[in-house]
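Enquirer: Following this message is one structure expressed as structure tokens.
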Amino acid sequence: MRHEIIGPMAERFDEVLTPDALAFLVALDSEFAARRVALLDTRRARRDRFATGQLPDFLPETADLRADPSWQVAPPAPGLLDRRAEITGPPDRKMTINALNSGAKVWLADFEDATAPTWHNIISGQLNLIDALDRRIDFTDARGKRYALGDELATIVVRPRGWHLVEKGIVVDGRPISASLVDFGLYFFHCARRQLAAGAGPYFYLPKLEGHREARLWNDIFVFAQHYLHLPQGTIRATTLIETITAAFEMEEILYELREHSAGLNAGRWDYIFSIIKNFGQWPDFVLPDRSEVTMTVPFMRAYTELLVRTCHRRGAHAIGGMAAFVPARDPEVNALALTRVRADKQREAGDGFDGSWVAHPGLVETCREVFDAVLGERPNQIDRRRDDVEVTAGDLLSVDKTPGQVSEAGVRANIAVALCYIDAWLGGAGAVALWNLMEDAATAEIARCQVWQWLHHRTPLAGGGCVTDELVRSMLAEELATLTEGRVDTERERAEQAARIVEETALGEDLPSFFTTGAYARHLGPAREPAMAAR
């Protein structure tokens, strides 16, 4: 099979894109590309069925598996026994150092929602991970402040991009390779043995899975990869994000498919809300209020997290809680209020039985650890807390109509502003963006633009009178664009205008695109064709 590097070769990229590493990517593509495409076709067919009014349910064909109490996932791997605080962020050089030094037990090195998928970001991110494991990474910012690794470091867990994305920087037989295989393959090839030598292993977070057959594909990739590098089966461990409504109905099956390689499940709260709107947004019973009112205590979110903990602990797996997205501010009063809310959120998770949780900023690690310390004490986790008291039905998972709250003009404007500002930053190469003291990523931008589409589709009433109309949304978008472009130079103004067009295309059209990232990447972030380097 002929492969070609389309992306430009920057300094030290040849240390990542070695002939042997590229041969491994080609082997992965040859073995698994067709199955990936077939599973994406299955996704589209499933969504078409939802559009006709068919709703998901627990699978009758796997009822015996769910009822069987005997099977368990593999015991926790080294470095993953205690996960009480996990930090997430893109693998840029500064974040790599800060996350590893943060005091968190785990760092989710995120090539997915927190990384704008420019060619430079993807390959330099892989290089940063290699350098971190070799302890030769440092960084000096514009002010002259130097960052270097300390003695106690978080365990690295890599989140590759989702199955729906491709990497145009590498083509095989003329077609882009799966972004998932690139991110997994390069990290595994270069870092698996490095991690084992450091006393851990090659660990992953699996994003946006829609069911157990997609988990089976990942498991088969793991088996193939371990065999390819002559590593024992079970060396790889993966935590699956339950961040789609269809995966919520297949949690046990996902754990079963990955059981030899499973490190548990995570409650990916933002993508989960996005999935609800994307799949059922055309139906009036699924209209959600302002994003700020869709908390983890509303009935459908409560059912989802309770079921996740029960499922994980029944099978001996970790249950990891959702993101705390607050970014500390200079205002002490703002910080105090936000940290009170973060603490309450983590106390709810720890009280429900979660074994740890996520934060987006190093300044939140201590709060998260303190909460879980109070519940766990010296224990590394609370997997032994079975939560057999939890009973969740299909109706509970779909009880979106029981969500209290209203849609306000302020909520509409906030969504437009977040979608516009985030996409503008994403086009500029930033995937994790602090906006109004919250860390926004691709998942939150997806919620923002999907909610606007949903409210427009249903002409949703507004608190205080009137409803959401095309005229209202377009006028708000124009106002937010004017604010964003004020004082900008021409190139930055053009980028903001591109972002506004993407918001229009993905939030104001008759149909709701599945992801804004797929089309935007193809048009705006794909690598230039020159300079290129070909190989066989």
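Enquirer: Quick check: net charge around LYS105, other residues with Cβ under 9 Å of its Cβ, Lys/Arg +1 and Asp/Glu -1?
Expert: Numbers: positive: ARG83, ARG84, ARG369; negative: ASP82, GLU86.
Once all neighbours under 9 Å are counted, the net charge is +1.
Enquirer: Still on this structure, please answer the following. Can you find, among ALA432, PRO527, ALA507, the residue farthest towards the positive end of the dipole of the range 422-536? Put +1 on the C-beta of Lys and Arg, -1 on that of Asp and Glu.
Expert: Checking the options against the dipole of the range 422-536, the answer is PRO527.
Enquirer: Could you pull out which residues in the range 228-270 have an amide N less than 13 Å from a spot 7 Å beyond the Cα of ARG35, following the Cα-Cβ vector?
Expert: Output list for this probe position: 257-258.
Enquirer: So what are the ³J(HN,Hα) numbers for the range 376-393, from phi and the Karplus equation (6.51, -1.76, 1.60; θ = phi - 60°), rounded to whole Hz, Gly and Pro as x?
Expert: For the range 376-393, the Karplus-derived couplings read 8, x, 7, 5, x, 6, 10, 4, 6, 7, 6, 6, 5, 6, 7, 10, 10, 9 Hz, x marking Gly and Pro.
Enquirer: Give the distance, in whole Å, between the Cα centre of the range 373-426 and the Cα centre of the range 142-212.
Expert: 26
Enquirer: In nm, give the distance between the simple-model label positions of ALA329 and THR18, each being 7 Å from the Cα along the Cα-to-Cβ direction.
Expert: 4.8
Enquirer: Mind checking the dipole of the range 17-133: about its Cα centre, +1 per Lys or Arg Cβ, -1 per Asp or Glu Cβ, Debye to the nearest 20?
Expert: Here the size comes out at about 280 debye.
Enquirer: Lys/Arg Cβ at +1, Asp/Glu Cβ at -1, dipole of the chain taken about the Cα centre: which of LEU39, GLY103, ILE137 is farthest positive-ward?
Expert: ILE137
Enquirer: At 0.36 nm per residue, and after removing the present C-alpha to C-alpha distance, how many nm does the segment from ALA148 to HIS120 gain when stretched out fully?
Expert: Gain on stretching ALA148 to HIS120: 7.9 nm.
Enquirer: Which order do PHE32, PHE224 fall in if you start with the one that has the fewest other Cβ atoms within 10 Å?
Expert: PHE224, PHE32
Enquirer: Determine ³J(HN,Hα), in whole Hz, for all residues of the range 29-36 in sequence, where each value follows from phi through the Karplus function 6.51 cos²θ - 1.76 cosθ + 1.60 and θ = phi - 60°; x replaces Gly and Pro.
Expert: Values, residue by residue: 5, 4, 7, 10, 4, 5, 5, 4 Hz.
Enquirer: Once each part is reduced to its C-alpha centroid, what is the distance from the range 275-326 to the range 459-476 in angstrom?
Expert: Between the Cα centre of the range 275-326 and that of the range 459-476, the gap is 27 Å.
Enquirer: Still on this structure, I have one more. Go through 176-186, 294-304 and give me the packing order, highest mean Cβ count within 10 Å leading.
Expert: Highest mean packing first, the order is 176-186, 294-304.
Enquirer: Continuing with the same structure: Need one word for the range 6-85: rounded, prolate or oblate. Basis is the Cα gyration tensor (sqrt eigenvalues a ≥ b ≥ c); a/c below 1.5 gives rounded, then a/b vs b/c decides.
Expert: Here the range 6-85 falls in the oblate category.
Enquirer: Read phi for every residue in the range 218-225 and hand back ³J(HN,Hα) as whole Hz from Karplus 6.51 cos²θ - 1.76 cosθ + 1.60, θ = phi - 60°, with x for Gly and Pro.
Expert: After applying 6.51 cos²θ - 1.76 cosθ + 1.60, I find 4, 4, 5, 5, 4, 4, 4, 5 Hz.
Enquirer: Something else: Stokes-Einstein diffusion coefficient for the chain at 10 °C in a medium of 1.306 mPa s, Rh from the Kirkwood formula over Cα pairs: what value in µm²/s?
Expert: The calculation lands on 67 µm²/s.
Enquirer: Counting only C-alpha contacts under 8 Å and six or more residues apart, can you give the relative contact order of the range 405-525 as a whole percent?
Expert: Relative contact order for the range 405-525 comes out at 34 percent.
Enquirer: For ALA344 and GLU492 in the same chain, what is the full-extension length gain: residue separation times 0.36 nm, less their Cα-Cα distance, in nm? All intermediate terms of the calculation are to be shown ahead of the outcome.
Expert: Numbers: separation 148, 0.36 × 148 = 53.28 nm, distance 3.96 nm.
Between ALA344 and GLU492, full extension yields an extra 49.3 nm.
Enquirer: Same structure, new question: Could you tell me whether the range 24-127 comes out rounded, prolate or oblate from its Cα gyration tensor? Rule is a ≥ b ≥ c as square roots of the eigenvalues, rounded for a/c under 1.5, then prolate if a/b exceeds b/c, otherwise oblate.
Expert: Working: a/c = 2.02, a/b = 1.37, b/c = 1.47.
Oblate, because a/c is 1.5 or more while a/b does not exceed b/c.
Enquirer: What lysines does LYS346 reach when the alpha-carbon gap must be under 20 Å and sequence neighbours fewer than 8 apart in one chain are set aside?
Expert: List returned: LYS105.
Enquirer: Find the centroid of the Cα atoms in the range 62-96 and in the range 1-26, then give the distance between the two in whole Å.
Expert: 30
Enquirer: Straight-line reach only, C-alpha to C-alpha below 15 angstrom: list the aspartates and glutamates that LYS145 could link to, leaving out same-chain residues fewer than 8 apart.
Expert: Here the aspartates and glutamates satisfying the reach criterion relative to LYS145 do not exist.
Enquirer: If each DSSP helix of 4+ residues adds -39,500 (n - 2.57) and the sum is divided by the residues in the chain, what number results at 222 nm, nearest 500 deg cm²/dmol?
Expert: That comes out to -15000 deg cm²/dmol.
Enquirer: Using only alpha carbon pairs under 8 Å that are at least six residues apart, calculate the relative contact order of the chain and give it in whole percent.
Expert: 20
Enquirer: Let me ask something additional. Exceeding 26 Å between C-alpha atoms, which entries from my cross-link table qualify? They are LYS278/LYS402; LYS94/LYS278; LYS168/LYS208. Kindly include the intermediate steps, with their values, before the conclusion.
Expert: Values: LYS278/LYS402 18 Å; LYS94/LYS278 34 Å; LYS168/LYS208 20 Å.
Those over the limit are LYS94/LYS278.
Enquirer: Also, quick follow-up: Return the long-range amide H neighbours of SER357 (sequence gap of 5 or more, or a different chain), with a cut-off of under 5 Å between placed amide H atoms.
Expert: Long-range HN contacts for SER357: ALA85, GLU86, GLY321.
Enquirer: May I ask for the net charge around PHE184, where only other residues with Cβ less than 15 Å from the Cβ of PHE184 are counted and Lys, Arg are +1 while Asp, Glu are -1?
Expert: -2
Enquirer: Just in the range 350-443: which chymotrypsin sites (Phe, Trp or Tyr not before Pro) are loop by DSSP and have at most 12 other Cβ atoms within 10 Å?
Expert: TRP436
Enquirer: Applying a 10 Å radius around every beta-carbon, put 49-58, 155-164 in order of their mean neighbour count, most first.
Expert: On the way: 49-58: 13.4, 155-164: 24.4.
Listed from highest to lowest mean packing, they are 155-164, 49-58.
Enquirer: Now a separate question. With 10 angstrom as the radius, rank LEU398, LEU231 by how many other C-beta atoms surround their C-beta, starting from the fewest.
Expert: In order of increasing Cβ crowding within 10 Å: LEU231, LEU398.
Enquirer: OK, next. Assign unit charges at the C-beta atoms only (+1 for Lys and Arg, -1 for Asp and Glu), then state the dipole size of the range 405-525 relative to its Cα centre in Debye, rounded to the nearest 20.
Expert: Numbers: 9 positive and 18 negative charges, 26 e Å.
So the dipole magnitude of the range 405-525 works out to roughly 120 debye.
Enquirer: Hey, quick one: spin label on ALA63, modelled 7 Å out along Cα-Cβ, who in the range 231-263 has an amide N within reach, i.e. under 14 Å?
Expert: Hits in the range 231-263 for ALA63 at 14 Å: none.
Enquirer: Let me ask something else. Taking amide H atoms as placed 1.01 Å from N in the peptide plane, list the residues 5 or more away in sequence, or in a different chain, whose amide H sits under 5 Å from that of VAL158.
Expert: Those lying under 5 Å, H to H, from VAL158 are ALA109, TYR203, PHE204, TYR205.
We did not get these values from a lab; they are worked out from the coordinates using the rules stated. Just so it is clear, the model here is predicted, and its values are computed rather than measured. For neighbour counting, all protein chains shown are included, and Cβ atoms are generated from backbone atoms with ideal geometry for every residue, glycine included.
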